[in-house]
1. Working only within the stretch 93-109, note down all residues that are within 16 Å of the ligand (Cβ to nearest atom) and in contact with a strand residue (DSSP E or B) (Cβ under 9 Å, 6 or more places away or on another chain).
2. Restricting to the stretch 32-78, give me the number of residues that are open to solvent by 20 Å² or more (accessible area, probe 1.4 Å) and within 16 Å of the ligand (Cβ to nearest atom).
3. On the given criteria, is L295 outside the structural domain of L24 (by TED's automatic domain parsing) and crowded, with 20+ Cβ neighbours inside 10 Å?
4. Within the group R273, R279, which residue is at pLDDT 95 or above and open to solvent by 60 Å² or more (accessible area, probe 1.4 Å)?
5. Is there a residue being within 14 Å of the ligand (Cβ to nearest atom) and assigned to a helix (DSSP H, G or I) anywhere in the stretch 118-134?
6. Among the residues of the stretch 160-169, are any near the ligand (Cβ under 9 Å from one of its atoms) and assigned by TED's automatic domain parsing to the domain that holds L85?
7. For the stretch 4-13, indicate whether the set of residues that are crowded, with 21+ Cβ neighbours inside 10 Å, outside any loop (DSSP other than H, G, I, E, B) and without any contact (Cβ under 8 Å) to a residue 24 or more places away in the chain is non-empty.
8. If you go through the stretch 174-184 one residue at a time, how many are open to solvent by 20 Å² or more (accessible area, probe 1.4 Å) and either at pLDDT below 95 or more than 12 Å from the chain's Cα centre (by Cα) (or both)?
Amino acid sequence: MIKLIKSSFHREAETKRAVAEFVLSQDVLSMSEQCRAFETAFAEKQERTYAVFVANGSVANLLLIQALLNQGRLRRGGRVGFCALTWPTNVMPLIQLGLEPVAIDCELDTLNVSPEAFDAHIAGCQALFLTNVLGFCDDLPALRRMCDDRGVLLIEDNCEALGSRTNHTLLGNFGVASTFSFFVGHHLSTIEGGMVCTDDEELYEQLVISRAHGWDRNLPPATRERLRAEARVDDFQAKYTFYDLASNFRPTEINGFIGNQQIRYWDEIVGARVANFERFQRAMAGNADVLHYDLSHMDTVSNFAMPVVCRTPELARKYRSEFEAAGVEIRPVIAGDITRQPFYRKYVQDTAERPNARLVHTNGFYFGNNPEMNEEELTTLCDLLAG
Ligand SMILES: Cc1ncc(COP(=O)(O)O)c(C=O)c1O
């Protein structure tokens, strides 16, 4: 069986041993020094100023939207563009927090929103919440320019694209902030975990407030003192003073410890996935049954699953059954056309067609791309992709 997820962690045995020893040796297992150290290390690797560690990628998205609402940079009822091909918890926070989601079709050669597609929807949009789908992107520099010119806030859900680069820049570094998932099977696993990255100091502080109850405990001391002075609270009341809308999105020290172990393998993990992806691309290149991607604008593609989109539903049935017969675990290409999902139909009045996302929905599937794949598995997958 070529499983979608081969292990809980990279270098699983030694990581599990280290986690066991860590747990046995620690008094404090709630968010503390390990989480802070992971944030510092992650911000450095991601080439961002600030990183806020949270319980998973879904709440990273919820927290980011809440923080932008708290700051007044998003306003309730406002329209926010997003990619119709995405994961549910990319768009659910928009609905949950009272924004109006605007689904934008993806391109078939990048599986992402292009500047041309966004241009047709940009009027009235406060923000664009892009998903960098399965490590791919469209023309991110042009999307950023469009957003800057039109006063639209660009944010990125980078939960599927850690380590991908375009224009010599890591994906996740084009918008004002970006989110990451460290769920098992993603590029870097902390079992459950997520991150929000930004270079914007005020947004960072708002994220820290909204991550934990709305209190000031994890803020830089100067900001904490300023807030306490403005609210006229003494040191005793300050312990239970709550400054803005929040929830509890904190990770644990165990997640932080695992993050610090796994981040040492970032280059190894990303490098292996990039090499696998390039092999898969070459294997598919001569196959006329499947759509081909144009990712020549990207420096590296780092994904955790490889999408295959067939030209017809009949071919999709054929390829899905061939992959399954060869023991390859497959799934739909993330949530397909999200506007066809029951939750979306329940909450959003939207009958427009997104033909490309729909095609990916009906004719697509993906299989895992992980660093532990051996030569035999890679050969099997490449033979299947060649048709
Ligand atoms: C684009 C995208 N956003 C958000 C998430 C949610 O991340 P998590 O599973 O850590 O909650 C995922 C999960 O795979 C995802 O693919």
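The values are calculated or read from the model by the stated rules, or taken from the named source; none is laboratory data. Quick caveat, the model's predicted, so the values are computed rather than measured. Here Cβ is always computed from backbone atoms with ideal geometry, including for glycine, and neighbour counts include all displayed protein chains. Remember, those area values only see protein heavy atoms, side chains included, never the ligands or the DNA or RNA. Shrake-Rupley method; radii C 1.70, N 1.55, O 1.52, S 1.80 Å.
1. Of everything in the stretch 93-109, those that are within 16 Å of the ligand (Cβ to nearest atom) and in contact with a strand residue (DSSP E or B) (Cβ under 9 Å, 6 or more places away or on another chain) turn out to be P93, L94, I95, P101, A103, I104, C106.
2. Selection size over the stretch 32-78: 6.
3. Spelling it out, L295 is indeed outside the structural domain of L24 (by TED's automatic domain parsing) and crowded, with 20+ Cβ neighbours inside 10 Å.
4. On the way: R273 fails: open to solvent by 60 Å² or more (accessible area, probe 1.4 Å).
After applying the criteria, what remains is R279.
5. Checked against the condition, which is being within 14 Å of the ligand (Cβ to nearest atom) and assigned to a helix (DSSP H, G or I), the stretch 118-134 yields at least one hit.
6. So the first thing to find is which residues in the stretch 160-169 are near the ligand (Cβ under 9 Å from one of its atoms), and the list is 160-161.
Still in the list and also assigned by TED's automatic domain parsing to the domain that holds L85: 160-161.
Looking through the stretch 160-169, at least one residue is near the ligand (Cβ under 9 Å from one of its atoms) and assigned by TED's automatic domain parsing to the domain that holds L85.
7. no
8. 2
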